Amino acid sequence: MKTTISILTFIFSVSVYGQNIESGKNCKVVQFVNKDSINSSSKINPIFNKRGFYLVTNCVYDFIIDGKKYFQSILLKIDNDKFYISKNWETKTDNEIISDTIAVSINQEIRIRTVSIDKGVGNIPSRTNPNKYNVTIVDSDYCRFQNAEILSKGNKYFGHYYFTEIGLKKLKIVNGKALLCEENGDFLLRRN
């Protein structure tokens, strides 16, 4: 049953968000592969799955790095041995402001927190266990997510896709507040 739900979530997410991933050559992703997984890493994609997943630039993640929380941080760039995130970014109607850049070595303890929110209802977030995943930077056809267009109260916002346990959601940050944007409204998320 869980496998069926995972497959359906992936198919739905790819059909909805697939056109929003830019692909090309010389791209890199941060790959999480479960150490107990017997499946090929070629079946891993940018949607959460306990067997493994990719982190792709221009997407928003809840990082825990060496025990420090960086919730709703945007992944800016990926190099061969490190990646860069911003915890302090702001959504505007026609652009965004990035106020900081944090370099993260692939050798640091990296966890991803995943929230489970749908239609404003959430469950207890879960976290990846660094003892259960191999975390590496690999070449990929996935380059980056395009920006998410968010329509809210008659305004168009420049937003991003947010990595959750049940797929990708649209997120904007306005006046320091993280807002998950769904069809039935915007929902305030807790920041760390």
Problem set entry | Filtered residues of segment 123-135 (kept if within 16 Å of the chain's Cα centre (by Cα) and either modelled with pLDDT of 90 or more or assigned to a loop (DSSP other than H, G, I, E, B) (or both)) | 127, 128, 135
For this session: Give segment 74-92 a look and list any residue that's of a type in the set (Phe, Trp, Tyr), surrounded by fewer than 22 Cβ atoms within 10 Å (Cβ to Cβ) and farther than 30 Å from residue 154 by Cα, or say none.
Result: 84
Seminar exercise, completed: Residues in segment 148-192 that are at pLDDT 90 or above, over 21 Å from residue 121 (Cβ atoms) and polar (S, T, N, Q) total 0
Seminar exercise, completed: Those residues of segment 9-51 which are surrounded by fewer than 16 Cβ atoms within 10 Å (Cβ to Cβ), at pLDDT 70 or above and either farther than 16 Å from residue 128 by Cβ or aliphatic (A, V, I, L, M) (or both) amount to 25, 26, 43
For this session: Would you point out the residue of segment 151-179, among those that are under 19 Å from residue 89 (Cβ atoms), basic (Lys, Arg) and surrounded by fewer than 17 Cβ atoms within 10 Å (Cβ to Cβ), that is farthest from the chain's Cα centre (by Cα)?
Result: 156
Exercise. Of all residues in segment 167-179, how many are over 18 Å from residue 86 (Cα atoms) and in contact (Cβ under 8 Å) with a residue 60 or more places away in the chain?
Worked result: 2
For this session: Output the residue which, of all residues in segment 180-192 that are in contact (Cβ under 8 Å) with a residue 40 or more places away in the chain and in contact with a strand residue (DSSP E or B) (Cβ under 8 Å, 6 or more places away or on another chain), is surrounded by the fewest Cβ atoms within 10 Å (Cβ to Cβ).
Result: 190
Problem set entry | Among the candidates 92, 132, 77, 87, residue that is within 26 Å of residue 25 (Cβ to Cβ) and among the basic types (Lys, Arg) | 77
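The values are calculated or read from the model by the stated rules, or taken from the named source; none is laboratory data. All of these numbers come straight from a predicted model, not from anything done at the bench. In this analysis, Cβ positions are derived from the backbone assuming ideal geometry, glycine residues included, and neighbour counts consider all displayed protein chains.
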